[in-house]
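Below is one structure; the comments refer to it alone.
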Amino acid sequence: MIHSLFLINNAGDLFLEKHWKSVISRSVCDYFFEAREKAVEPDNVPPVIRTPHHYLINIYREKIFFVSVIQTEVPPLFVIEFLHRVAETFQDYFGECSESTIKDNVVIVYELLEEMLDNGFPLATESNILKELIRPPTILRSMVNTITGSSNVGETLPTGQLSTIPWRRAGVKYTNNEAYFDVVEEIDAILDKSGTTVFAEIQGVIDACVKLSGMPDLTLSFMNPRLLDDVSFHPCVRYKRWESERVISFVPPDGNFQLMSYHISAQNLVAIPVYVKQNISFFETGSSGRLDITVGPKQTMGKTVEGLVVTVHMPKVVLSANLNATQGTYNYDPVTKILVWDIGKLNPQKLPNLKGSLSLQSGAPKPEENPSLNIDLKIQQLAISGLKVNRLDMYGEKYKPFKGVKYVTKAGKFQVRT
Amino acid sequence: MLNHRFLCRNEDLKEMLESNKESLKLEAMKRIVGLIAKGKNASELFPAVVKNVASKNIELKKLVYVYLVRYAEEQQDLALLSISTFQRALKDPNQLIRASALRVLSSIRVPIIVPIMMLAIKEAATDLSPYVRKTAAHAIQKLYSLDPDQKEHLIEVIEKLLKDKSTLVAGSVVMAFEEVCPDRIDLIHKNYRKLCNLLVDVEEWGQVVIIHMLTRYARTQFVSPWREDAMFDENNEKAFYDSEEERKVEQTKPYIMDPDHRLLLRNTKPLLQSRNTAVVMAVSQLYWHLAPKHELSIITKSLVRLLRSHREVQYVVLQNIATMSIQRKGMFEPFMKSFYVRSTDATHIKTLKLEILTNLANEANISTILREFQTYVKSQDKAFAAATIQAIGRCATNISEVTDTCLNGLVLLLSNRDETVVAESVVVIKKLLQTQPSQHSDIIKHMAKLFDNITVPMARASILWLMGEYCEHVPKIAPDVLRKMAKTFTNEEDIVKLQIVNLAAKLYLTNSKQTKLLTQYILNLGKYDQNYDIRDRTRFIRQLIVPNEKSGALSKYARRILMAPKPAPVLQSAFKDRDRFQLGTLSHTLNSQASGYLELSDWPAVAPDQSVRNVEVVEPAGAPALRKSKTAKSNEKFYSDSEEEEEEEEEGSSSEESVSESESEENSDDSNKSSSSQSEKSSSESDSEKKKKTLKNKKLQQQKPDILIITYLPPQIMQKTLLLIIMTKYILIHIVLSISTQFFVNCMCSLLHLCVFLACQFDVVSWHVHVSLQASSPVFVPETSHELLHRMTGKGLSAQYRFTRQPCIYGNSMVSLQLTLSNSSDQALENIHISEKSSTGQNIHRFNAIERLEPQASVTVSMGVDFNDSTQAANFQLCTKEDEFSVSIQPAVGELLLPITMSEADFTKEQEHRAG
């Protein structure tokens, strides 16, 4: 299936190659470079590229292109999903997935890639199994390794690989048994010029950090499961029980994982936590423009809005911005043409405002369209949909775990058209 | 110099490898792997590296493997040195070592070792460890690509591995099947149901492969569910499952879905909730290609969910939605807003979303869509704005109500500042006007006015073409435009020049008085143009329109040739015929056949023999000892019934899955008992790692199903429910109990005890039953009887049986049965009895032989069968004087139980004893 993998950085340097079948010359990437050039923006590179003898399927993540070489028919999503899984594994192992960390840990990267695919077919992709096979690097271990000459390759057979619950390793032991769940909801919305909602929906995920000994069997129930419209689960969740009882029953993986993601049914009205009053105008003459943005709270359910950031992708002709912010700081990058206004906490008594002038390239025609604003925000201790976890029960183990649930609401793709 | 230094470095690597210190060797290997990763050549170190292949240090060994696999192909002779190590490792007691040895051995692409590989694969395919068998499945593909001549032998191995019941193996072997022999569909028949049932528990990558393979398989084996009158709903299906008698009648109905077809759809559905986008897409395409049209809607939500994922995922999913939305607008219309474009989307995502929105447009939503399009037209991304204008054009042609609105909107865009927008508008307006040959002279006039400001050649050419085509509508303006063009002719682009010549010719024919000289001037300019196309065209036009002696008969028809009504261009989606490819495939994404693409066949007109999928179910080889699972034998005669049995049984017995469904229905017979119905609705999907129990009820009786309970972990609750129900009501419980690991044995024991003890009809004292249990009389005894022997097969003798639900008089462990024998032949039957040899080993208390049964007479006898607390069918021979007929009785677990009455205090006491 997957023949080879090439990692290419933003500058077009090929810095790692791995082959699972016969070696394919790296010149195959020339077709990719061609497409990359044509696309201008890295985001616009088509994910599937055809060459005379091969197909290149690529993803772009953390400023790295993962380019895989395919020779025969294969579902493209299969490859794309796998490449993302590779990137996530790197992130999991090294804290971040960047060119420098990959170069620094090239041996582990190679060992991982070797285990993840056999003859191009995924073999072990569960992080729990991989971690048993190849231990992630830590400062302490690498020091010990250099002194004692011991290795970071596991000596034992990963038990998970053989069991039917490959996501959990056997013999987990903790002195403090804890299970934490984060309910994170994101509001995706498009608001039009006048502030009316064109489109809004809520998507949520439940992230879990479970550190429980033995083989616990957990059941999570909601106060209002009817809210959930569409769900997708980690493989550990028993779908049948969800169907019949609307509870989430599972034997958890060890450590951090995403338990489920969900979508709130469309019948529920989406509360929009902030409103934006904006006025951006470009003058016909004098190659300048004016910008005036005010943000205020709308439906926040009595909670404070934090981490408020407004991002504006300015038209190409905007050279610089001379603005004045009543709260927070702003920054205009003349290269990427992105204006970022970092507000922070929203104070309902004193609304933050950003005002000032923009200077345009002289002689160029004024931009046709006003740029849209992207809003980022965070509200702690609130799930905007009203979803509430009822209880968490544990079976199969005797001890009493410590349990906790946290709610956060964030802005997802929250866009205001102007 | 550089080369020299490189050599030096390799020298010291060689030294390090040859040293005695493990740490030095490891360090050297790490550096070598670094070289390989960078794509540098390290092949000259081969001899030094290969020596370490038998190293004790696992990390060192693994790195050597990495190196070996990379360079063995180039250094075949030296690679052979390492083979013996792997051969030895293949016999290692540790399964991990066996597996990794096979992995590396099969990855060494050296043709000489093909026989060794073949042998190793054959051996590994029968290995006890499923992990090693999985590796064998992978090795099959490697060997096949190395030496395709081994195909026949490999197919044998594949056939063997396909029978494997482990979820670990399933995905890999199907992958090998797809690669080596995708046309050998006959290998799948026997494994079809098993694969369907295992699917949920196979790892996600295997799921994708299996689903794609099963889609192709189903297309060859089942008839199309898409027929006109194929109204097939859930009720219909149930009726089919339940009614064995009516089966034949039902078959005459227009369409009945094959139960295996339904099985596939049912078992893949939960996977729509998978976190893996490839799995969701695979199930979606399966539904698209296999499900009845009215069931398709369930995939919509899941596909829309995928749009939240990464950019690349969005790209592929949107493409598939685009293809789907052409054929079935209704599916995605409620989710229209999910396809609204954001300014931060990548361009190819934007255009795909636009495509889908256009496909979804209809009379009802067009105003919303057009309003949305208005925002897009203003986008800074000009390519996208142009695409939007084309989309508006398509909406305008498809929905006649809005054609005028769209046209007006586009005309407004003509005064847009941006040139690409204007140009695109002109081109689209041209197409629109062409489809609407009514009076649009205003728009043409307007465009003529704008003409001077438009510089994009395509747009200019379009306007000129419009002028010429409709010159009769604008008799005054057209000649004036031609005059202007004559002045600028030499500076125009080729495409514009051609249209100028065209316009001149058309005007010459309609209005020769005003334009004769102009035309001749232009034709002269064209005659000496640099471009040969233009010179050719000029020459042709001159001969056609200017009559002289040389011109033949053609010029008479000049007007008819040039001014002929032209068919309007059809504006249609680029995804129009993408559905010729299976959705979700690479070929679909590329819109051209990728190598190795396997065509999806059309539905067969007549379904092939469905009995090929019947399997004799055997106990899985590696079944844990503690498990109590039941197997059912399929029986030709009870086809539909036993079919379903078997299906359910398999779900239970395949150790990976247990599915249970529950329902409870109030028994109408006992009105005096209040709140007597207990139901515990739950279901489980559990794994052999955990304790697993499924109490499964089956509706034995069509009219009056009893209670049906399902209980799942934890044991305490389970016990309570179970006993409560027993106390209050007659129950039917279908118990499939499987435990796999020692881990939960303790907790399980109580449950196991309980179940066994129930099944033993409370007469086994070894469970320390201190309470005297009294069997209560059944509240309800079903009247329905089951067919044992049909009169056709029985040569006139027919037999029916029913469970009486009474304690059996023949023995405590026996279940009492009532047998009705009737003679429908025209001769009397003599000496009807049960043969002495009972085939399955159950203890059967036979009824006394019936001496003589007159024609049309019937007799009822009772007998007892000891089912050994299993649902194993009791097979025996029913004999007459002349013949012997093999028959079988398949009990449901519920029939094996004895009802008891118990006080609550006793119950509590009893419960304490079972606490485990």
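The values are calculated or read from the model by the stated rules, or taken from the named source; none is laboratory data. Note that this is a predicted model, so its numbers are computed, not measured. All Cβ positions, even for glycine, are placed from backbone atoms using ideal geometry, and neighbour counts span all protein chains on display. Heads up: the accessible areas ignore ligands, DNA and RNA and are worked out on the full protein's heavy atoms, side chains in. Shrake-Rupley method; radii C 1.70, N 1.55, O 1.52, S 1.80 Å.
Residue selection: A:GLY296 satisfies the criterion of being small (Gly, Ala, Ser) and in contact with a Phe, Trp or Tyr (Cβ under 6 Å, 6 or more places away or on another chain).
I need the full set of residues from segment B:307-345 which are assigned to a loop (DSSP other than H, G, I, E, B) and basic (Lys, Arg), in order please. Steps first, answer last, please.
Our first condition is that a residue be assigned to a loop (DSSP other than H, G, I, E, B); within segment B:307-345, this holds for B:307-310, B:328, B:340-345.
B:ARG308, B:ARG328, B:ARG342 - these are the residues of segment B:307-345 that are assigned to a loop (DSSP other than H, G, I, E, B) and basic (Lys, Arg).
Residues being in a strand (DSSP E or B) and touching a helix residue (DSSP H, G or I) at 6+ places or on another chain (Cβ under 9 Å): count how many of those fall in segment A:261-283. Write out each step before concluding.
Our first condition is that a residue be in a strand (DSSP E or B); within segment A:261-283, this holds for A:261-264, A:274-282.
When the remaining residues are screened for being touching a helix residue (DSSP H, G or I) at 6+ places or on another chain (Cβ under 9 Å), the result is A:261-264.
Counting residues in segment A:261-283 that are in a strand (DSSP E or B) and touching a helix residue (DSSP H, G or I) at 6+ places or on another chain (Cβ under 9 Å) gives 4.
Going residue by residue through segment A:377-388, is there one that turns out to be surrounded by 14 or more Cβ atoms within 10 Å (Cβ to Cβ) and closer than 29 Å to A:LEU319 by Cα? Checked against the condition, which is being surrounded by 14 or more Cβ atoms within 10 Å (Cβ to Cβ) and closer than 29 Å to A:LEU319 by Cα, segment A:377-388 yields at least one hit. Considering segment B:102-135, the residues that are more than 25 Å from A:VAL23 (Cβ to Cβ), in a loop (DSSP other than H, G, I, E, B) and not aliphatic (A, V, I, L, M) include one that is least open to solvent (accessible area, probe 1.4 Å), namely B:SER129. Looking at this structure, is A:ILE379 under 23 Å from the mean Cα position of the chain (by Cα), among the hydrophobic types (A, V, I, L, M, F, W, C) and not in a strand (DSSP E or B)? For A:ILE379, the condition - under 23 Å from the mean Cα position of the chain (by Cα), among the hydrophobic types (A, V, I, L, M, F, W, C) and not in a strand (DSSP E or B) - is not met.
Of everything in segment A:11-59 that is among the aromatic types (Phe, Trp, Tyr) and crowded, with 19+ Cβ neighbours inside 10 Å, the residue that is farthest from the other protein chains (Cβ to nearest Cβ) is A:PHE32.
Looking at A:SER357, A:SER362, which one is open to solvent by 80 Å² or more (accessible area, probe 1.4 Å) and small (Gly, Ala, Ser)? Let's see the steps before the verdict.
Values: A:SER357 fails: open to solvent by 80 Å² or more (accessible area, probe 1.4 Å).
Matching residue, one of A:SER357, A:SER362: A:SER362.
Which one is nearest to the chain's Cα centre (by Cα), of the residues in segment B:558-609 that are of a type in the set (Phe, Trp, Tyr) and within 14 Å of another protein chain (Cβ to nearest Cβ)? Working first, answer last.
Residues of segment B:558-609 of a type in the set (Phe, Trp, Tyr): B:575, B:581, B:597, B:603.
Next, from what is left, pick out any that are within 14 Å of another protein chain (Cβ to nearest Cβ): B:581, B:597.
On the way: B:PHE581: 15, B:TYR597: 16 Å.
So the residue we want is B:PHE581.
Scanning segment B:53-63 for residues that are within 12 Å of chain A (Cβ to nearest Cβ), of a type outside the set (D, E, K, R) and part of a helix (DSSP H, G or I), we see that the one that is farthest from A:PHE6 (Cα to Cα) is B:ILE58. Among residues of segment B:33-52 that are more than 13 Å from chain A (Cβ to nearest Cβ), those with a Cβ under 6 angstrom from a residue that is crowded, with 16+ Cβ neighbours inside 10 Å and not in a helix (DSSP H, G or I), sequence gap 6+ or separate chain, pair up as B:PHE46/B:GLN75. Inspection of segment A:95-115 finds no residue satisfying the criterion of being more than 7 Å from chain B (Cβ to nearest Cβ) and of a type in the set (Phe, Trp, Tyr). A residue that is closer than 24 Å to B:ARG308 by Cβ, among the hydrophobic types (A, V, I, L, M, F, W, C) and in contact with a strand residue (DSSP E or B) (Cβ under 6 Å, 6 or more places away or on another chain) occurs somewhere in segment A:363-374. Screening the candidates A:TYR399, A:TYR330 for the property of being closer than 23 Å to A:LYS193 by Cα, among the aromatic types (Phe, Trp, Tyr) and more than 23 Å from the chain's Cα centre (by Cα) yields one hit, A:TYR330.
For (1) within 29 Å of the chain's Cα centre (by Cα); (2) buried (at least 16 other Cβ atoms within 10 Å of the Cβ); (3) at pLDDT 60 or above, each residue gets a yes or a no:
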residue: A:THR146; (1), (2), (3): no, no, no
residue: A:THR156; (1), (2), (3): no, no, no
residue: A:THR175; (1), (2), (3): no, no, yes
residue: A:GLU186; (1), (2), (3): yes, yes, yes
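Of all residues in segment A:213-236, those satisfying the criterion of being over 18 Å from A:ASN256 (Cβ atoms), more than 10 Å from chain B (Cβ to nearest Cβ) and among the hydrophobic types (A, V, I, L, M, F, W, C) are A:PHE222, A:MET223, A:LEU227, A:LEU228.
Taking the numbered list (1) of a type in the set (Val, Ile, Thr); (2) at pLDDT 90 or above; (3) open to solvent by 10 Å² or more (accessible area, probe 1.4 Å) in turn, B:VAL173 passes all entries but (3).
Considering segment B:290-305, and only residues there that are within 14 Å of another protein chain (Cβ to nearest Cβ) and open to solvent by 10 Å² or more (accessible area, probe 1.4 Å), the residue that is farthest from B:TYR255 (Cα to Cα) turns out to be B:ARG305.
Taking the conditions exactly as written (modelled with pLDDT of 85 or more and within 21 Å of B:VAL173 (Cβ to Cβ)), does B:ALA125 satisfy them or not?
Values: modelled with pLDDT of 85 or more: yes; within 21 Å of B:VAL173 (Cβ to Cβ): yes.
Yes: the conditions hold for B:ALA125.
List the number of the failed condition for A:ARG246; all other conditions in (1) in contact (Cβ under 8 Å) with a residue 40 or more places away in the chain; (2) under 30 Å from A:THR197 (Cβ atoms); (3) open to solvent by 40 Å² or more (accessible area, probe 1.4 Å); (4) within 13 Å of chain B (Cβ to nearest Cβ) hold. The number of the failed condition is (1).
Every listed requirement among (1) in a loop (DSSP other than H, G, I, E, B); (2) at pLDDT 75 or above is met by B:SER813 save one, (2). Among the criteria (1) open to solvent by 10 Å² or more (accessible area, probe 1.4 Å); (2) touching a helix residue (DSSP H, G or I) at 6+ places or on another chain (Cβ under 9 Å), the one B:GLY330 does not fulfil is (2).
Go through B:THR268, B:THR300 for me and flag whichever is in a helix (DSSP H, G or I), under 28 Å from B:GLN610 (Cα atoms) and among the polar types (S, T, N, Q). Don't jump to the end; show me each part of the working.
Working: B:THR300 fails: under 28 Å from B:GLN610 (Cα atoms).
One residue alone meets the criteria, B:THR268.
Residue pairs whose Cβ atoms lie under 8 Å apart, separated by 6 or more positions or on different chains, with the first residue in segment B:144-156 and of a type in the set (Asp, Glu) and the second part of a helix (DSSP H, G or I) and loosely packed, with under 14 Cβ neighbours inside 10 Å, are B:ASP147/B:PRO111.
The set of residues from segment B:115-152 being within 10 Å of chain A (Cβ to nearest Cβ) and either in contact with a strand residue (DSSP E or B) (Cβ under 6 Å, 6 or more places away or on another chain) or among the charged types (D, E, K, R) (or both) comprises B:LYS134, B:HIS138, B:LYS142.
Name the residues in segment A:284-304 that are surrounded by fewer than 20 Cβ atoms within 10 Å (Cβ to Cβ) and either assigned to a strand (DSSP E or B) or within 12 Å of chain B (Cβ to nearest Cβ) (or both), would you? Working first, answer last.
The first filter runs over segment A:284-304 and keeps only residues surrounded by fewer than 20 Cβ atoms within 10 Å (Cβ to Cβ), leaving A:284-288, A:290, A:292, A:294, A:296-304.
Once the filter is applied, which keeps residues that are surrounded by fewer than 20 Cβ atoms within 10 Å (Cβ to Cβ) and either assigned to a strand (DSSP E or B) or within 12 Å of chain B (Cβ to nearest Cβ) (or both), segment A:284-304 yields A:GLU284, A:SER288, A:ARG290, A:ASP292, A:THR294, A:GLY296, A:PRO297.
Table: residues versus (1) of a type in the set (Val, Ile, Thr); (2) at pLDDT below 85.
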| site | (1), (2) |
| --- | --- |
| B:CYS196 | no, no |
| B:ILE211 | yes, no |
| B:PHE222 | no, no |
| B:ALA230 | no, yes |
| B:LYS238 | no, yes |
| B:VAL249 | yes, yes |
| B:THR252 | yes, yes |
| B:ILE256 | yes, yes |
| B:ASP260 | no, no |
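For the residues B:ASN94, B:ASN41, the requirement of being surrounded by fewer than 16 Cβ atoms within 10 Å (Cβ to Cβ) and under 20 Å from A:ALA124 (Cβ atoms) singles out B:ASN94. Taken as a whole, the structure leaves A:PRO76 outside the set of residues that are within 12 Å of chain B (Cβ to nearest Cβ), modelled with pLDDT of 90 or more and open to solvent by 30 Å² or more (accessible area, probe 1.4 Å).
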